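Asks: Please read through the structure below; I'll follow up with questions.
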Amino acid sequence: MESKTQRKVSFRGSEDFLEIELKEPVTHAAGYLGVREALKHTFKEMGVLRSMRTLLSMNQKDGFDCPSCAWPDPEHPSPVVEYCENGAKALGDEATTSHIGADFFQKNSVEELSQLSDFELNKFGRLIEPMVLKPGSVHYEPISWGDAFKLIASELKKLNNPDEAIFYTSGRSSNEAAFLYGMFARALGTNNLPDCSNMCHESSGVALGETLGIGKGSTTLEDLYEAEVILIAGQNPGTNHPRMLSALEKCKQNGGRVISINPLEESGLVNFKNPQNIKGWIGGGEDMADIHLPVNINQDIPLIKLILKKLTVLDKEHKNVFDYDFIQKYTNGYEALISDLDTYSSEELLKLTGVPEDKIDETVALLANKSKIIVCWAMGLTQHKNGVENIREFVNLLLLKGAIGKPNAGTCPVRGHSNVQGDRSVGIQHFVDKEMNKRIKKYLGFTPPDHEGVDVVGSMKAMYEGKTKIFMCLGGNFVMAASDTEYTAKGIQKCDLTVQISTKLNRTHLITGKTALILPTIGRSEKDMKNGMPRHFTVENSMGRVKKSKGILKPASDTIMSEPEIIANIGHAFFGENHAMNWKSLGDDYELIRTQIDQVAKGFSKTKERSEGAGYYLPNNARDLDFSMLPNGKAQLSINKLPVHELAKDEYMLMTIRSHDQFNTTIYGLDDRYRGVYNARRVIFMNSNDMKAVGLKKLDVVDITSTYDGTVRVAHNFKVVPYNIPAGNLASYFPETNVLVPYNHFAERSKTPISKSIKVRLVKK
C-alpha cells in the first residue's frame with residue numbers, strides 16, 4: 001500500500017509469495033545443523049578466515065559483546081565457542097563485506113527501494129557515508145559530517161519548544177552512547193526518550209518494580225545451573241536466546257527440572273544438541289522440558305491461579321508447601337491473595353487454560369516440595385493488555401515459595417537486544433527520576449526537565465498528530481518495530497527532519513520526514529580508534545553485569561563514526577563551547593563519559609576498573625531481600641484479574657512470533673527449520689481442526705484482519721500452515737503482522753503493545 005504523500009513509498013514492501021517448502025519441524029536445537037548454518041552465513045558475509053578470527057573474539061573477556069541478544073557470558077567462557085547460531089548470524093550481518101554508499105543511492109530511489117521486502121533491504125550491506133534526503137527529492141545524496149551536524153543543530157534551534165523533538169534508542173547502543181544521548185535530550189529540555197524496551201519488557205519493569213522494588217531480574221547466570229525447577233513462560237530460547245540452552249543443560253544434568261509454558265512447543269525446549277560436546281554431535285542431545293503446558297494465548301494468569309489453588313490444598317494437608325517464615329518476614333498481602341483465590345472455581349480456570357489437568361497436576365506435584373525455583377519469561381507474557389498482571393502472578397508463585405533473594409531462585413526476564421537493559425540503567429527513560437535529576441544538576445552542571453516525556457506509544461501519537469518536528473533514532477528500525485505500521489509510518493512522514501544513526505539499510509530510512517539524514521556508525525565488532533589509540537565501550541547484560549566490549553575488525557569505512565562521537569558532535573554543534581558539558585571532549589575520550597556515568601547513573605561505580613574481565617554486577621535489592629522502598633518495607637503479593645477476551649464467533653487469537661532466521665526486525669534468511677517452513681515468511685500457523693471447521697486447506701491463501709474501535713486493519717497474502725497449536729489460537733511472524741496491532745491498545749501502565757494477543761479474522765482469497 002502506498003502513502004499519499006509526495007514520496008510514493010511503500011510502508012510494507014513486497015507482499016509477493018516465493019516458492020514455499022514445508023517439511024517436518026526439526027525437533028532439536030543447535031547440533032550439527034546449527035553449526036553449519038552459523039558458519040555458512042558468516043563465511044558468505046565475511047569470508048572464512050575473517051569469520052573464524054572474529055568469532056573466536058566474540059563474548060570473550062578481552063573481546064566484544066555479541067551484537068544479538070543480552071544473554072550473559074559465563075564466568076569462565078569457552079575459549080573457542082562462546083556464541084550461538086543467531087549470534088554468528090548477527091555478526092555476519094554486521095561485519096559483511098557488502099557496502100553501500102553514494103553510488104547506490106544515486107541509482108536507487110527511496111520509492112523504488114521501499115517496494116522491496118525487509119529481507120532484501122537488509123542484504124544490501126553496510127552504510128558507509130553520511131547521506132541526506134532533501135525535501136522533494138527521492139534520492140539520498142552525500143553530505144559531510146560537519147554539514148550534517150549543522151543541519152541537525154539548525155533544525156533543533158527552530159523548535160518552538162524542546163518537546164517537539166523525540167530521541168528514540170534501540171537496544172544495541174553502548175552505555176556510553178546511550179548516556180550521552182539521554183543527557184543531550186535533557187540538556188535540550190525534553191524527556192522524550194522512548195526506547196525499544198517500551199515495546200518489549202516495559203511490562204516486566206513495571207511489574208517487578210511494583211512487587212519487588214526493582215525493574216530487573218534477580219538471578220545470575222550461575223543461579224540457573226543448580227535450580228531445582230525452571231519455568232520458561234512465553235519464551236522461545238532456541239531461537240531468541242540460544243546460549244540459554246547451555247545453562248538449561250547444566251541445570252538438567254544437576255538434577256533440575258524444566259517446565260515450558262507456551263502455546264507452541266518450541267524445538268529448543270524439546271531437545272538441545274550442544275555443539276561443544278560429543279553428545280551434541282553424534283548423540284541424542286539433552287531432552288529439555290520435562291513438562292510442556294500448551295496454554296491458550298494470554299491465559300497464563302488462570303493457569304498460575306489454578307496451580308496456586310492446588311498448591312494451597314496441598315499446603316493445608318502437609319503444611320510445608322509454602323514458606324511461611326519467608327512470607328511473614330518479607331511479604332505483604334498473603335491473606336488477601338488466598339481469599340481472592342477462593343473466589344475462582346478450579347473448573348473455570350482449567351477451561352480457560354486449555355491445558356490438560358494431568359499436566360497441571362504433574363506441575364503442582366513438582367513445585368510442591370521445591371524452593372529453588374526460577375521463572376524465565378519474554379514477550380509471551382509482556383505484550384498483552386494485562387502484561388503487567390501476567391508477571392505479577394508469577395511473582396506471587398515465587399514469593400509464596402520463598403524463591404526470591406536466595407541462590408538458584410528468582411526472577412529472570414530475558415532481554416532481547418544486547419544492551420537494552422544498559423540503556424535504561426544509564427538514563428534512557430521518558431519518566432522523571434528526581435534523584436537522577438539532582439545528580440545531573442550537581443555533577444553535569446545543568447538543570448534537566450522535570451516533566452514526563454513520551455514513550456513509544458506516545459511518540460507515535462505525537463508524530464501522527466503533527467506535534468513533533470524532529471525524530472532521531474539511535475539505531476533500530478522504528479517503522480517496522482512499532483505497532484500499527486500504517487499509523488506509525490504516516491506519523492513519521494509529518495516530521496520536518498528524521499535522523500537515523502545506523503549500520504544497515506532498513507525501511508525507516510525510506511519512510512522519512514521532509515528531510516532525512518543517515519549517519520553511518522561503527523559496529524560492535526569493529527575497532528574504535530581515535531588519534532591512533534583504541535577505545536572501548538561498556539554494556540550491561542540481561543542479569544545486570546556491566547563489562548567492557550572492544551571490537552577487533554577494521555571499520556567498514558573511514559567515513560563512518562562511532563555513536564558516542566556522533567552524539568557528542570551534535571551536542572557541540574547545538575550548544576557550542578558555552579555549555580556545562582564539554583561535548584567535544586566527551587566524544588573524544590570515553591573515560592570522561594564513564595566518569596559521568598559513575599556520578600549520575602544509579603549503582604555504577606569505578607566502571608573503568610571494574611568493567612574489565614567478567615565485569616561487575618550493579619546493585620540489586622531483590623537479591624539482597626531489601627524491600628524498604630515498598631509499602632510496609634515488604635515485597636508485594638498482588639491480586640490480578642483474569643484477562644478478558646471477547647471473541648466473536650469467527651475471531652481467533654493471534655500472537656506474533658519470530659522465525660528462526662531473524663533477530664527482531666532484521667531478517668537474515670527465509671527459513672524457519674525449527675517449524676519446518678522454508679523460503680517463506682508470509683505464513684500463518686493454525687490448528688488443523690480449526691482449518692477443517694472453516695474449510696481451509698494447507699497453503700490456502702488468506703488475508704488477516706483485525707477490527708478495533710471500528711477500524712479494520714489488513715495484513716495481505718498469508719499461506720495457512722497446519723501446526724500443533726491450541727484450537728482458537730494462531731501465530732504469524734512479525735514485522736509483517738505488526739500492521740494488525742492497533743496503536744491505542746496496549747498493556748495497562750506499561751503501554752507495551754498487545755502484539756501477542758490480537759483478535760483477528762481470516763478471509764480466504
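Asks: Pairs, please: C-beta under 6 Å, at least 6 apart or cross-chain, first residue assigned to a loop (DSSP other than H, G, I, E, B) and in region 622-637, second of a type in the set (D, E, K, R)?
Replies: Phe627/Lys634
Asks: Of the residues that make up region 154-171, is at least one modelled with pLDDT under 95 and in a loop (DSSP other than H, G, I, E, B)? Steps first, please.
Replies: Let us first name the residues in region 154-171 that are modelled with pLDDT under 95, namely 170-171.
Pick out the ones that are also in a loop (DSSP other than H, G, I, E, B) and you get 170-171.
Yes, region 154-171 contains at least one residue that is modelled with pLDDT under 95 and in a loop (DSSP other than H, G, I, E, B).
Asks: Further question: Can you pull out every residue in region 280-331 that is at positive phi and either surrounded by fewer than 20 Cβ atoms within 10 Å (Cβ to Cβ) or not in a loop (DSSP other than H, G, I, E, B) (or both)? Steps first, answer last, please.
Replies: First, the residues of region 280-331 that are at positive phi: 285, 298, 319.
Of everything in region 280-331, just one residue is at positive phi and either surrounded by fewer than 20 Cβ atoms within 10 Å (Cβ to Cβ) or not in a loop (DSSP other than H, G, I, E, B) (or both), namely Lys319.
Asks: Every residue in region 608-629 that is in contact with an Asp or Glu (Cβ under 8 Å, 6 or more places away or on another chain) and buried (at least 18 other Cβ atoms within 10 Å of the Cβ), please.
Replies: Answer for region 608-629, where residues must be in contact with an Asp or Glu (Cβ under 8 Å, 6 or more places away or on another chain) and buried (at least 18 other Cβ atoms within 10 Å of the Cβ): just Leu618.
Asks: Would you be able to tell me the number of residues in region 684-723 that are among the hydroxyl-bearing types (Ser, Thr, Tyr) and either assigned to a loop (DSSP other than H, G, I, E, B) or on the phi > 0 side of the Ramachandran plot (or both)?
Replies: To start, the set of residues in region 684-723 that are among the hydroxyl-bearing types (Ser, Thr, Tyr) comprises 688, 705-708, 711, 723.
In the following step, the residues that additionally are either assigned to a loop (DSSP other than H, G, I, E, B) or on the phi > 0 side of the Ramachandran plot (or both) were identified as 723.
Looking only at that region, the number is 1.
Asks: Could you check Lys107 against (1) in contact (Cβ under 8 Å) with a residue 12 or more places away in the chain; (2) more than 29 Å from the chain's Cα centre (by Cα); (3) over 24 Å from Met480 (Cα atoms) and say which number it fails?
Replies: Of everything listed in (1) in contact (Cβ under 8 Å) with a residue 12 or more places away in the chain; (2) more than 29 Å from the chain's Cα centre (by Cα); (3) over 24 Å from Met480 (Cα atoms), Lys107 misses just condition (1).
Asks: Would you point out which residue out of Gly63, Gly136 is over 23 Å from Tyr668 (Cβ atoms) and touching a residue at least 24 places away in the same chain (Cβ under 8 Å)? Even if it seems obvious, please write down each step before you answer.
Replies: Details: Gly63 fails: over 23 Å from Tyr668 (Cβ atoms).
Gly136 is the lone residue from the list that is over 23 Å from Tyr668 (Cβ atoms) and touching a residue at least 24 places away in the same chain (Cβ under 8 Å).
Asks: Which ones in region 102-124 are out of contact with any helix residue (DSSP H, G or I) (no Cβ under 8 Å at 6 or more places or on another chain) and either modelled with pLDDT under 95 or over 20 Å from Thr559 (Cα atoms) (or both)? Even if it seems obvious, please write down each step before you answer.
Replies: Going through region 102-124, the residues out of contact with any helix residue (DSSP H, G or I) (no Cβ under 8 Å at 6 or more places or on another chain) turn out to be 102-109, 111-112, 115-117, 119-120, 123.
Once the filter is applied, which keeps residues that are out of contact with any helix residue (DSSP H, G or I) (no Cβ under 8 Å at 6 or more places or on another chain) and either modelled with pLDDT under 95 or over 20 Å from Thr559 (Cα atoms) (or both), region 102-124 yields Lys107, Asn108, Ser109, Glu111, Glu112, Gln115, Leu116, Ser117, Phe119, Glu120, Lys123.
Asks: Any residue in region 713-733 that is more than 18 Å from Phe11 (Cβ to Cβ), in contact (Cβ under 8 Å) with a residue 12 or more places away in the chain, within 26 Å of the chain's Cα centre (by Cα) and surrounded by fewer than 18 Cβ atoms within 10 Å (Cβ to Cβ)?
Replies: Yes, the conditions are met somewhere in region 713-733.
Asks: Mind checking which pairs have a first residue in region 588-608 that is in a loop (DSSP other than H, G, I, E, B) and a second that is among the hydroxyl-bearing types (Ser, Thr, Tyr) and surrounded by 14 or more Cβ atoms within 10 Å (Cβ to Cβ), Cβ under 7 Å, 6 or more apart or different chains?
Replies: Short answer, once both residue conditions are applied: Ala601/Ser425.
Asks: Quick one: is Ala207 out of contact with any His (no Cβ under 8 Å at 6 or more places or on another chain), at pLDDT 95 or above and of a type outside the set (Ser, Thr, Tyr)? Lay out the reasoning, then the answer.
Replies: Numbers: out of contact with any His (no Cβ under 8 Å at 6 or more places or on another chain): yes; at pLDDT 95 or above: yes; of a type outside the set (Ser, Thr, Tyr): yes.
Here the answer is yes, as Ala207 does meet what is asked.
Asks: I want to confirm something. Restricting to region 12-44 and keeping residues that are out of contact with any Asp or Glu (no Cβ under 7 Å at 6 or more places or on another chain) and acidic (Asp, Glu), which single residue is farthest from Lys123 (Cα to Cα)? Show your work before the answer.
Replies: Residues of region 12-44 that are out of contact with any Asp or Glu (no Cβ under 7 Å at 6 or more places or on another chain), as a first pass: 12, 14-29, 31-33, 35-36, 39-44.
Still in the running and acidic (Asp, Glu): 15-16, 19, 21, 24.
On the way: Glu15: 17, Asp16: 18, Glu19: 19, Glu21: 22, Glu24: 28 Å.
Step by step, filter region 12-44, then rank; the result is Glu24.
Asks: Name every residue in region 19-31 that is modelled with pLDDT of 90 or more, more than 17 Å from Glu265 (Cβ to Cβ) and of a type outside the set (D, E, K, R), in order of residue number.
Replies: Ile20, Leu22
Asks: Go through region 276-333 and give me each residue that's basic (Lys, Arg) and out of contact with any strand residue (DSSP E or B) (no Cβ under 8 Å at 6 or more places or on another chain). Walk me through it before giving the result.
Replies: Let us first name the residues in region 276-333 that are basic (Lys, Arg), namely 279, 305, 309-310, 316, 319, 329.
If the condition is that a residue be basic (Lys, Arg) and out of contact with any strand residue (DSSP E or B) (no Cβ under 8 Å at 6 or more places or on another chain), then Lys305, Lys309, Lys310, Lys316, Lys319, Lys329 are the ones that fit.
Asks: To continue, here is another question. What's the number of the condition Ser755 fails, among (1) surrounded by 19 or more Cβ atoms within 10 Å (Cβ to Cβ); (2) more than 23 Å from the chain's Cα centre (by Cα)?
Replies: Among (1) surrounded by 19 or more Cβ atoms within 10 Å (Cβ to Cβ); (2) more than 23 Å from the chain's Cα centre (by Cα), the lone unmet condition for Ser755 is (2).
Asks: Looking at Arg681 and the list (1) over 29 Å from Glu85 (Cα atoms); (2) assigned to a loop (DSSP other than H, G, I, E, B), which single condition is not satisfied?
Replies: Single failed check for Arg681: (1).
Asks: Of the numbered conditions (1) buried (at least 23 other Cβ atoms within 10 Å of the Cβ); (2) part of a loop (DSSP other than H, G, I, E, B); (3) of a type outside the set (Asp, Glu), Tyr743 satisfies every one except a single condition; which is it?
Replies: Condition (1) is where Tyr743 drops out.
Asks: So Met655 ticks every box in (1) buried (at least 22 other Cβ atoms within 10 Å of the Cβ); (2) free of Cβ contacts under 8 Å to residues at least 24 places away in the same chain but one. Which box is left unticked?
Replies: Unmet condition: (2).
Asks: Could you name every one of the helices (runs of 4 or more DSSP H) located completely within region 350-435 that has at least 1 residues being among the basic types (Lys, Arg) and under 25 Å from the mean Cα position of the chain (by Cα)?
Replies: Working: elements: 357-368, 379-382, 387-400, 420-425.
Hits in region 350-435: 387-400, 420-425.
Asks: Also, I was wondering about something else. Assuming Thr559 fulfils every condition listed in (1) in contact with a Leu (Cβ under 8 Å, 6 or more places away or on another chain); (2) surrounded by fewer than 20 Cβ atoms within 10 Å (Cβ to Cβ); (3) in the same structural domain as Ile470 (by TED's automatic domain parsing) apart from one, which condition is it?
Replies: (1)
Asks: Working carefully through the options Tyr616, Tyr590, find the one that is aromatic (Phe, Trp, Tyr) and more than 30 Å from Phe149 (Cα to Cα).
Replies: On the way: Tyr590 fails: more than 30 Å from Phe149 (Cα to Cα).
Result: Tyr616 is the single residue among Tyr616, Tyr590 that is aromatic (Phe, Trp, Tyr) and more than 30 Å from Phe149 (Cα to Cα).
Asks: Looking at Glu357, Glu362, which one is in contact with a strand residue (DSSP E or B) (Cβ under 7 Å, 6 or more places away or on another chain) and farther than 20 Å from Met655 by Cα?
Replies: Working: Glu357 fails: in contact with a strand residue (DSSP E or B) (Cβ under 7 Å, 6 or more places away or on another chain).
Answer to the selection: Glu362.
Asks: Being acidic (Asp, Glu) and farther than 16 Å from Ile566 by Cβ is the filter; apply it to region 577-594 and report the residue that is surrounded by the most Cβ atoms within 10 Å (Cβ to Cβ). Let's see the steps before the verdict.
Replies: First pass over region 577-594, keeping only residues acidic (Asp, Glu): 577, 588-589, 591.
Okay, now just the ones that are also farther than 16 Å from Ile566 by Cβ, so 577, 591.
Numbers: Glu577: 8, Glu591: 13.
Among those residues, the one meeting the criterion is Glu591.
Asks: Among the residues of region 84-101, write down those that are outside any helix (DSSP H, G or I), crowded, with 24+ Cβ neighbours inside 10 Å and touching a helix residue (DSSP H, G or I) at 6+ places or on another chain (Cβ under 6 Å).
Replies: Restricting attention to region 84-101, the residues satisfying the condition of being outside any helix (DSSP H, G or I) are 84, 95-101.
Next, from what is left, pick out any that are crowded, with 24+ Cβ neighbours inside 10 Å: 84, 95.
The answer is Ala95, and nothing else.
Asks: Six or more apart or on different chains, Cβ atoms under 8 Å: show the pairs whose first residue is in region 344-369 and farther than 16 Å from Ala233 by Cβ and whose second is of a type in the set (S, T, N, Q) and surrounded by fewer than 16 Cβ atoms within 10 Å (Cβ to Cβ).
Replies: Asn369/Asn320
Asks: Go through region 538-573 and give me each residue that's of a type in the set (D, E, K, R), assigned to a loop (DSSP other than H, G, I, E, B) and free of Cβ contacts under 8 Å to residues at least 60 places away in the same chain.
Replies: Lys554, Asp558 - these are the residues of region 538-573 that are of a type in the set (D, E, K, R), assigned to a loop (DSSP other than H, G, I, E, B) and free of Cβ contacts under 8 Å to residues at least 60 places away in the same chain.
The values are calculated or read from the model by the stated rules, or taken from the named source; none is laboratory data. Worth saying up front: this structure is predicted, and the values here are computed from it rather than measured. Backbone-built Cβ (ideal geometry, glycine too); neighbour counts: all protein chains shown.
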